[in-house]
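What follows is a single structure, written as structure tokens, with notes after it.
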Amino acid sequence: MDVRSFWQDQLHSGRPMFLPDIGTYFNQDMQQAEALVDALGEAGVTTIKGEILQTPEICLDAHLSGNEKYWGHQTGELKQENYRDLIERKVVPLSSYETLFQYAKDKGMDTIVSVYDFEGADFARQIGCKAIKIASSNITHQPLIEYVAQLGLPMIIDTGHSTVEEMARAVNWAQDCGLKGDAVDIVVEHSPKGPPNPVEQQNLRFMQTLGQAVGLPYGLSDHHGGEEMLYAATAMGAVVLEKGICPDEMGDEQDGGHAMPVSQVAAVLQKINNIADAMGNGIRVLPRQREKYVSRMGLVAKTDLAAESVLSIDNVRFAFPALGIKAEYWSEIEGQVLKRSLSAGEIIGWPDIAFREK
């Protein structure tokens, strides 16, 4: 498939791409990483999301890097960890990434990755990743955005907590540096704050505003503690639904507060697909030859009616099925007279009406 139409093809498929992000929740435990891939494959996932984080040198030394703060979803408390220490326990060699992503490929799954440096971007292209993501933290990283744009792969640009100006600038950097002048295939992601921030800060309508502002397909990088934002975003036309996926038994971990236990994926994915399929195309076409509602009503005599009786709401009632005159023709029938007498409960038909000018 032409990579230049990757996101448009996804848009026209009618279903969003559910993108489970296993990231580095496995913390260098490659057996656990493969177990996540196994579970996602069994759940019907076709594309997994990961990171290429192969060197701690993307972070300053510990005495300069400061602390990363994150919410502990198990303890309910704010936790702090030295940023360099955090990165060092997440780093995985490129050879291990290659083995993991090949493992996913062997199970019929494609891969999309976030990259943080040129080496990671080259590696993603080399091993056949379907797209490369610019993480929200790198939306101001002009050299990386331009480098990735020149690789000729589809891109995801996560807008994170950036300003509208920063979002538009990042898109322009990518579009200005497309491979050999070709248009870059980009989707932009809305990335709301995660727990413990209140649900009111999700602001999902901004996802649509963002797509309209830059003229690109849009998606959601979901950081809500549950799955309902995925369903809402599906109904709002998201092309991509990215969600962190973690082992079922995981303690407090960076980004753990908004990660979905892997055992829930199959049920959530089925609901996403059901919602997408139910949205339809916005057009109703009904064949003339179709089964009609039996529950539509017709006119019936409310009481015994003599010939020449004037029909009104006082002496006519309505009942289904509509075997005689249908209720939709009431404006034509009201005030007309009967040709013959009718018993209470008798169906009123067109031959029973002596039409006269009103």
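Label zone of Glu332 (point 7 Å out along Cα→Cβ, amide N under 14 Å): in the stretch 292-306 this covers 299. Label points 7 Å out from Cα along the Cβ direction at Asn274 and Arg340: separation in nm? Going by the 7 Å Cα→Cβ label model, 5.3 nm.
Grouping the Cα pair distances of the chain into 20 Å bins from zero gives a pair-distance distribution of 25, 42, 13, 16, 4, 0 percent in increasing distance order.
By the equivalent-ellipsoid construction on the alpha carbon gyration tensor, the stretch 124-213 comes out with semi-axes of 25, 14, 11 Å, ordered largest to smallest. Between the listed residues Met229, Gly257, Gln289, the Cα displaced farthest toward the positive end of the dipole of the chain, a dipole computed from Cβ unit charges relative to the Cα centre, is found at Gln289. Taking a straight line from the alpha carbon of Lys193, these lysines sit under 21 Å away, with near neighbours fewer than eight places off in the same chain left out: Lys49, Lys69, Lys79, Lys133, Lys243. Could you work out which residue, out of Lys271, Lys107, Lys302, moves most in a Gaussian network model of the chain, that is, has the largest mean-square fluctuation with Cα springs under 10 Å? Between Lys271, Lys107, Lys302, it is Lys302 that shows the largest mean-square fluctuation. Annotation: per residue accessible area for the stretch 264-316 equals 74 Å², rounded to a whole number [probe 1.4 Å, protein chains only].
Can you give the Rg to Rh ratio for the stretch 1-131, taking only C-alpha atoms and Rh from Kirkwood? Walk me through the intermediate numbers first.
Numbers: Rg = 16.5 Å, Rh = 16.3 Å.
Using only Cα positions, Rg/Rh for the stretch 1-131 is 1.01.
Using a probe of 1.4 angstrom and keeping all protein chains present, the accessible surface of the stretch 1-128 works out to 49 square angstrom per residue. Hydrodynamic analysis of the stretch 175-252 uses the Kirkwood radius over alpha carbon pairs. Inserted into Stokes-Einstein at 10 °C and 1.306 mPa s, it gives a translational diffusion coefficient of 114 µm²/s.
The amide H of Gly219, built 1.01 Å from its N in the peptide plane, has Val188, Glu189, His190, Val239, Val240 as neighbours under 5 Å, considering only residues 5 or more places off or on other chains. If you roll a 1.4 Å probe over the chain with all protein chains in place, what percent of the accessible area is carbon or sulfur? Ligands and nucleic acids excluded, carbon and sulfur reach 48 percent.
Calculated FRET efficiency, Asp106 and Arg284, Cβ-Cβ r, R0 51 Å, to nearest 0.05?
Details: r = 44 Å, r/R0 = 0.87.
Computed FRET efficiency for Asp106 and Arg284: 0.70.
Taking 27 Å as the straight-line reach from the Cα of Lys302, the lysines in range (excluding those fewer than 8 positions away in the same chain) are Lys292, Lys326, Lys339, Lys358.
The values are calculated or read from the model by the stated rules, or taken from the named source; none is laboratory data. Here the structure is a predicted model, which is why all the values come from computation and not from measurement. Positions of Cβ are backbone-derived with ideal geometry, glycine not excepted, and every protein chain shown enters the neighbour counts. Areas reflect the complete protein model, heavy atoms only, side chains present, ligands, DNA and RNA absent. Shrake-Rupley method; radii C 1.70, N 1.55, O 1.52, S 1.80 Å.
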